[in-house]
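J.: Here it is, the structure, as structure tokens.
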Amino acid sequence: MRLHIGASKVHRWLALLIGAQVIVWFTSGLIMSLLPIDTVHGDHRIDRDAEPVLSAAQAFAPVPALLSAAGAPVRQLQHRVLLGRPVVEAQLAAGGVRLLDARTAAVLPPIDAATAGIIAKRAYRGKAVAPTMERIERASTEYRGALPAWRASFADDDATRIYVAAETGRLTSVRTGTWRLYDFFWGLHIMDWTQHERFNTPWLKAFAAGGLVFGVAGAILLFMRWPRRRRKAQGVRQGAA
């Protein structure tokens, strides 16, 4: 009998706590599922393939010259096009990237605000005026890509922000109002209200453990209140009377 009473109390209080969070989980999950994932990714606001492809007719510097120009041990060389110009990303073994001219092997300077603005505007699918540029040195809930980076903010109805890596000139991220809405509910869903990326927070672990106890207590109550068991218990009491 004591087990039945204890399980009932535990089940009742956990129902209040866990039930409230379950509503948050269902609500956030529903809203996230209703948002088109392409819109969340900002594909309607940016052309990620705005740059032309490399041509075999172009003359490129030999690999030894590129390795020498990097000035440090290189882990990888990658050719691509930046604003119509063939370049090479030299990924250094010690970390970081050095940008080289693919034809002359000359070291290129880091991307400045003006260049980053041109890169962002070429990729932008909209009619807004020139973006507002801001240099980003630290990661945030909105951006965790390569640093330092340039943030190009467009004055459109979606508050579009395009991030360009300062070392490479690559488009690293695009953020819109839809993405921010999705990210807000994602933070609620995984119970990480500060970083919006940790799915093993103490809160989530606690509520998961509480849900398990809630289920066990419910199973005990179900067993204790099972109709056949209750009829048997009533028959025993009547026989004793």
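J.: Can you report the number of residues in the stretch 38-69 which are part of a helix (DSSP H, G or I) and either surrounded by 11 or more Cβ atoms within 10 Å (Cβ to Cβ) or in contact with a strand residue (DSSP E or B) (Cβ under 9 Å, 6 or more places away or on another chain) (or both)?
T.: Matching residues across the stretch 38-69 total 8.
J.: Which residues, counting only those in the stretch 167-189, are part of a loop (DSSP other than H, G, I, E, B) and out of contact with any helix residue (DSSP H, G or I) (no Cβ under 7 Å at 6 or more places or on another chain)?
T.: Of everything in the stretch 167-189, those that are part of a loop (DSSP other than H, G, I, E, B) and out of contact with any helix residue (DSSP H, G or I) (no Cβ under 7 Å at 6 or more places or on another chain) turn out to be Glu167, Thr168, Arg170, Thr176.
J.: Also, quick follow-up: Tell me, yes or no, whether the stretch 207-215 has at least one residue that is aliphatic (A, V, I, L, M) and buried (at least 16 other Cβ atoms within 10 Å of the Cβ).
T.: The answer is no; no qualifying residue exists.
J.: Now for a separate question. From the list Leu30, Leu34, Leu67, Leu77, exactly one residue is modelled with pLDDT of 90 or more, closer than 29 Å to Ala102 by Cβ and within 29 Å of the chain's Cα centre (by Cα). Which is it?
T.: Leu77
J.: Please report, ordered by residue number, the strands (runs of 3 or more DSSP E) entirely within the stretch 87-153 with at least 3 residues that are surrounded by 17 or more Cβ atoms within 10 Å (Cβ to Cβ).
T.: Ranges flagged: 97-101, 149-153.
The values are calculated or read from the model by the stated rules, or taken from the named source; none is laboratory data. Quick caveat: nothing in here was measured; it's all calculated off a predicted structure. Here Cβ is always computed from backbone atoms with ideal geometry, including for glycine, and neighbour counts include all displayed protein chains.
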